[in-house]
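J.: First the structure, which I've put down as structure tokens, then a few questions once you've had a look.
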Amino acid sequence: MTDKIIIMKRRSFLTVTAGALATPYFYTAASAQDRTMYVGVYNSAQGGLIKKEVIPAFEKEYKCRVLTTEGATLANIATLRATRENPQYSVMSMDDVGVPQAKEEGLIEQLPMDEIPNLKNVYSRYLFEDNFGVGFAISIAGLFYNPTTGKPFESYEQMFDKKYARRMLLNTPKNTQSVLMLMVAAALATGKPLKEAQYDTDAGWAKLAELKPNVLSIYDAEAQTMMVAQGQADFGGIEYSKAVYPHTKKGVPLDMTFPKEGAFTGINSIALVKGGPHRDLALAYINRILDPGVQKMLSEATLSAPSVKGIEFGADTAKFLAYPEAKMESLNLFTPDWKYIIPRRAQWLEKYNQTFNG
């Protein structure tokens with residue numbers, strides 16, 4: 001049997017949408033009716049909820065029109081880059097991984113704390129690049145497995161056990177999660193915590209190569225996580241909980257496992273477009289997304305944790321969330337240094353492909 005790994009096709013895991021909205025802080029009834037604001041939202045169940053449950057009420061309250069456009073983080077940054085001289089968008093969605101780049105290119109501006117009241121309730125770990133971006137929905141990244149046939153992993157080292165020969169699904173190098181797996185390999189090779197190992201990834205390549213005999217398939221479609229539920233593989237990852245927990249809640253035999261070395265964050269964020277129109281409406285919209293009621297609604301529907309403090313959840317939802325802060329600490333929750341990682345990612349991607357398909 002050949003040891004060549006099967007590569008499956010799929011759309012990029014990271015998808016976002018952009019659109020138009022208006023914000024309320026300083027407007028007159030007459031002028032507000034003429035204002036249309038464009039904003040970016042995620043192309044996901046979350047984005048659908050925002051368009052259905054949040055935007056209509058916002059439009060009614062502020063007598064404005066909000067138009068949305070869908071796209072991925074990098075595509076959204078490209079859109080802002082293309083419209084830099086004549087900004088069309090007011091608010092743009094981008095994951096935390098994109099905020100440093102957008103800031104460096106001068107595409108977004110610092111969020112004014114005194115003009116967005118709900119920012120004061122945001123956990124400091126979810127304010128990025130000196131308040132140039134703010135997270136509003138947090139997923140946890142780890143391994144996923146079938147709880148009817150396996151047990152949670154105590155350590156990532158268990159992935160390398162020979163009993164899992166061709167029983168693992170590995171997330172495609174095209175997705176951000178592949179960087180997280182490299183950090184894990186570096187941590188195991190050096191004995192350093194993830195926070196330090198992310199700066200010593202050269203030490204992780206040899207360790208990562210040891211995983212190849214256990215890899216059944218490199219997947220790049222969320223639906224392919226079902227191979228674990230169906231018994232074709234034993235575990236997979238690294239994956240975001242938002243791709244797994246909705247299945248878990250429906251009774252599908254899939255669950256997440258977060259080994260002792262730590263869990264990673266996957267953070268949906270929003271930013272204020274530099275020089276964008278209707279700045280007052282943009283600030284009000286960001287404030288609305290961070291409203292405790294909106295945050296709770298989004299969390300209960302998508303099983304992603306809120307970024308603001310003081311929200312209470314029923315047990316059926318709470319068990320899926322990295323929330324509140326005490327639970328974040330218990331999971332050893334870690335947000336990578338994307339400002340360091342992004343300039344190196346292209347080189348890592350090439351080496352990742354060589355490691356598993358060379």
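The values are calculated or read from the model by the stated rules, or taken from the named source; none is laboratory data. Quantities reported herein were computed from a predicted structural model and do not represent experimental measurements. For neighbour counting, all protein chains shown are included, and Cβ atoms are generated from backbone atoms with ideal geometry for every residue, glycine included. In case anyone asks, the SASA skips ligands and DNA or RNA and just uses the protein heavy atoms, side chains included. Shrake-Rupley method; radii C 1.70, N 1.55, O 1.52, S 1.80 Å.
J.: Place a +1 charge on the Cβ of each Lys and Arg in the chain and a -1 charge on the Cβ of each Asp and Glu, then give the dipole magnitude about the Cα centre in debye, rounded to the nearest 20. Show your work: numbers first, answer last.
T.: On the way: 40 positive and 38 negative charges, 158 e Å.
Charge dipole of the chain: 760 debye, to the nearest 20.
J.: Here is a further query. Between 102, 89, 139, whose Cα lies farthest towards the positive end of the dipole of region 83-170 when Lys and Arg beta carbons carry +1 and Asp and Glu beta carbons carry -1, centred on the Cα centre?
T.: The Cα lying farthest towards the positive end belongs to 139.
J.: Give the percent of DSSP beta bridges with both residues in the chain that are antiparallel, rounded to the nearest 5.
T.: Roughly 65 percent of the beta bridges in the chain run antiparallel, per DSSP.
J.: Can you tell me the FRET efficiency between residue 86 and residue 260 if r is taken as the Cβ-Cβ distance and R0 is 51 Å, rounded to the nearest 0.05?
T.: 0.50
J.: Starting from 0 in steps of 10 Å, tell me what percent of the Cα-Cα pairs of region 259-312 lands in each bin.
T.: 19, 41, 28, 9, 2
J.: Still on this structure: Kindly report the accessible area of the chain per residue (heavy atoms of protein chains, probe 1.4 Å, no ligands, DNA or RNA), in Å².
T.: Counting only protein heavy atoms, the per-residue value for the chain is 42 Å².
J.: So how much slack lies between residue 330 and residue 67, counting 0.36 nm per residue of separation and subtracting their Cα-Cα distance, in nm?
T.: 90.7 nm
J.: Where does helix 338-357 land angle-wise versus the long Cα axis of the chain, in degrees 0 to 90, nearest 10?
T.: With both axes taken from Cα atoms, the answer is about 40 degrees.
J.: Quote the convex hull volume per residue of region 255-358, based on C-alpha atoms, as a whole number of Å³.
T.: Spelled out: Cα convex hull of region 255-358, divided by residues, is 172 Å³.
J.: What dipole magnitude, in Debye to the nearest 20, does region 223-358 give about its Cα centre under +1 on Lys/Arg Cβ and -1 on Asp/Glu Cβ?
T.: The calculated dipole for region 223-358 is roughly 360 debye.
J.: Right, here's the next one. Pairs of Cα atoms under 8 Å, at least six residues apart: use those to get the relative contact order of region 199-341, whole percent.
T.: Dividing the mean separation by the residue count of region 199-341 yields 22 percent.
J.: Can you find, among 181, 204, 223, the residue farthest towards the positive end of the dipole of region 145-282? Put +1 on the C-beta of Lys and Arg, -1 on that of Asp and Glu.
T.: 223
J.: Which number comes out as Rg/Rh for region 71-208 once both Rg and the Kirkwood Rh are worked out on C-alpha atoms?
T.: So for region 71-208, dividing Rg by the Kirkwood Rh gives 1.06.
J.: Mind putting a number on the dipole of region 115-211 about its Cα centre? Charges go on the C-beta only, +1 for Lys and Arg and -1 for Asp and Glu, and I need it in Debye to the nearest 20.
T.: Value, rounded to 20: 500 debye.
J.: Pairing the Cα long axis of helix 292-302 with the longest principal axis of the chain, what angle in degrees results, from 0 to 90 and rounded to the nearest 10?
T.: Helix 292-302 sits roughly 40 degrees off the main axis of the chain.
J.: Give the cross-link partners of residue 274 among the lysines, using a straight C-alpha distance below 24 Å as the criterion and excluding same-chain residues fewer than 8 apart.
T.: Hits, sequence-local ones excluded: 51, 63, 103, 120, 339.
J.: Working from Cα positions, state the angle (0 to 90°, nearest 10) between the long axis of helix 73-82 and the longest principal axis of the chain.
T.: Taking the Cα atoms of the chain, the angle to 73-82 is about 40 degrees.
J.: Where the convex hull is taken over the Cα atoms of region 135-210, what is its projected area averaged over directions, in nm²?
T.: In nm², the orientation-averaged hull projection of region 135-210 is 6.4.
J.: OK, next. Taking 7 Å along the Cα-to-C-beta vector as the label spot, tell me the residue 340-residue 200 distance in nanometres, rounded to one decimal.
T.: So the two model labels end up 1.1 nm from each other.
J.: Relative contact order of the chain: what whole-number percent is it, with Cα pairs under 8 angstrom and at least 6 residues apart?
T.: On the way: 748 pairs, mean separation 92.7, N = 358.
For the chain, the relative contact order is 26 percent.
J.: Got a number for carbon plus sulfur as a percent of the chain's accessible area, 1.4 Å probe?
T.: Exposed carbon and sulfur together represent 51 percent of the surface.
J.: I would also like to ask the following. Per the helix-only calculation at 222 nm, which mean residue ellipticity applies to the chain, given -39500 (n - 2.57) for every DSSP H run of n ≥ 4 and division by its residues, nearest 500 deg cm²/dmol?
T.: Rounded to the nearest 500, it is -8500 deg cm²/dmol.
J.: Taking R0 as 35 Å, what FRET efficiency do you get between residue 34 and residue 104 from their Cβ-Cβ distance, rounded to the nearest 0.05?
T.: The pair residue 34/residue 104 has a calculated efficiency of 0.50.
J.: Continuing with this model, one more query. Could you list, in their original order, any pairs among 151/192; 242/319; 151/249; 60/249 whose Cα atoms are separated by more than 23 Å?
T.: 151/192; 60/249
J.: Remind me, relative contact order of region 150-212 in percent, using alpha carbon pairs under 8 angstrom and six or more residues apart?
T.: The value is 28 percent.
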